[in-house]
1. Let me see the P(r) profile for the stretch 11-134: every Cα-Cα distance counted, bins of 5 Å, each bin given as a percent of all pairs.
2. Any idea what angle helix 240-256 forms with the longest principal axis of the chain, computed on alpha-carbon atoms, 0 to 90 degrees, nearest 10?
3. Based on the Cα coordinates of the stretch 76-136, what is the per residue volume of their convex hull in Å³?
4. What are the trypsin sites (Lys or Arg not before Pro) within the stretch 1-89 that DSSP puts in a loop, where the Cβ has at most 14 other Cβ atoms within 10 Å?
5. For TYR417 and TYR179, FRET efficiency with R0 = 45 Å and r from the beta-carbon atoms, rounded to 0.05?
6. Tell me the relative contact order for the chain as a rounded percent, counting alpha carbon contacts under 8 Å between residues six or more apart.
7. Hey, what do the phi angles of the stretch 145-153 turn into as Karplus ³J(HN,Hα) couplings, whole Hz, using 6.51/-1.76/1.60 and θ = phi - 60°, x for Gly and Pro?
8. Just the number, please: percent antiparallel of the DSSP beta bridges in the chain, rounded to the nearest 5.
Amino acid sequence: VTVRQMHLNAFLMANGHHEAAWRSPGTSPENQLTVSHYIELARIAEAAKLDSLFLADVVALLGDIRFNAQAAFEPITLLSALATHTSHIGLISTASTNYSEPFTLARAFSSLDRISHGRAGWNVVTSCSQQEADNFGVTAMPTHAERYQRAEEFMEVVLQLWDSWGDDALVMDRDTGVYADLSRIKPIDHVGEQFHVAGPLNLPRSPQGRPLVVQAGSSAAGMDFAARHADAVFTAQRELAPAQEFYADLKAKVTENGRSAEEVLVLPGMSPIIGRTEAEAHDELDRLNALIAPDYGLEQLSRILGHDMWQHELDGPFPELPNATEGNQSRVALINQVARERGLTVRGVISWMAGARGHLVAVGTAAQVADLLEEWFVGRGADGFNIMPSILPGGLSDFAEEVVPELQRRGLFRTEYEAGSLRGLYGLPTRV
Ligand SMILES: Cc1cc2nc3c(=O)[nH]c(=O)nc-3n(C[C@H](O)[C@H](O)[C@H](O)COP(=O)(O)O)c2cc1C
């Protein structure tokens, strides 16, 4: 009998997930755009035996760079570099189905999988901002439904491209002069509503066959997409009961799609703030919150909500806003709900959001953080967590050196890398 253990992904972001991270002592904003910064983070995560690293991405200069680090490396490029400095940890990159082509991404992830010897993962996003549309000549933003329709066909094409070579297609017989067995390399001849793709891919099947697929939308359409295609799901959940509901709903959709519930892992985001005492951890969060520029918070909120927040008083009540039908449905609903439940002012919402943009923030000692992770994991609110350190590298090393050993002592997390691919680390077949 194998014991169920949790999976831990390190969500890396610039100087950290707290919006004022770059102003905090212990971060080095001047190093953020160096590969050595990320190599350091990857090594910390790999030493702690984490499953994977993850890089988010948007294809526009989003947010207000006046107040925060918004420039970022193209993530597949960066992960290719990290692949050569690591040997076990998974490497997950975001890429958009709206602003790319299936052939381009199938090839890029197949390359990353080969470069990393089977450690590539793709976080499939559909991109919901106008600023991204503006960089690709898209004048009329596609609707939420249209984005997921495109994602569906996109995925179908990518899977076919990844499978367009048989495993034994390369013969490389020097004696006969036959390099490849053409009966094992087939065009896909996809003709659909959005894409016409002949194939085959110009790369053999990669070490995992299909790189790991991650999905991070929590709307009904997002969950349906995940149930069909994802191996893991990132989600923003801030309390156990709704997290359990999301977990059960998603697993139900997975089984409705003829897959087994264990084939799709649910990984809520969690930003740990660890102190030697609980009070010390709270002081650290207060210290970080005091560094937020209110203008930046208003800008961020306006962008996420698609509503001009500047017209509201900072210390006035948070306005009643309609839930979104476009854009990021799940996040808008979450912000509205928290604001109402806690009676927050606009400034209060900004502080709450600053921690990890609506994800769970766990403030306390390492043992308390481990307790919380255990409760969510054992209570089937999570199969593991997307760890979002508030500051980097310190927040990641605190988690790696204090919380991970605690989880290992409790038998909840691996002490050695065992499997030979990212899929394997996630408890899935090593290769599909
Ligand atoms: C942990 C996490 C990471 C995400 N990373 C990205 C990202 O890098 N780029 C992006 O465009 N959207 C990202 N998203 C947003 C979702 O992929 C999705 O587009 C969004 O939630 C809207 O979809 P929905 O309406 O189905 O919820 C992320 C969401 C979560 C929970």
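Just so you know, all these numbers are worked out from the coordinates, no wet-lab data involved. Since the structure is predicted, the reported quantities are computational estimates derived from the model, not experimental observations. Positions of Cβ are generated from backbone atoms using ideal geometry, with glycine treated the same way; all protein chains shown enter the neighbour counts.
1. 2, 11, 20, 22, 19, 15, 8, 2, 0
2. For 240-256 against the chain, the angle is about 20 degrees.
3. On the way: hull volume 4.7 nm³, N = 61.
So the per-residue hull volume is 77 Å³.
4. Working: sites: ARG4, ARG23, ARG43, LYS49, ARG66; in loops: ARG4, LYS49, ARG66.
Taking the stretch 1-89 and a limit of 14 other Cβ atoms within 10 Å, the loop trypsin sites (Lys or Arg not before Pro) found are ARG4, ARG66.
5. According to the calculation, E is roughly 0.80.
6. Relative contact order here is 23 percent.
7. 5, 4, 4, 6, 5, 5, 4, 4, 5
8. Restricted to the chain, the bridges split so that about 15 percent are antiparallel.
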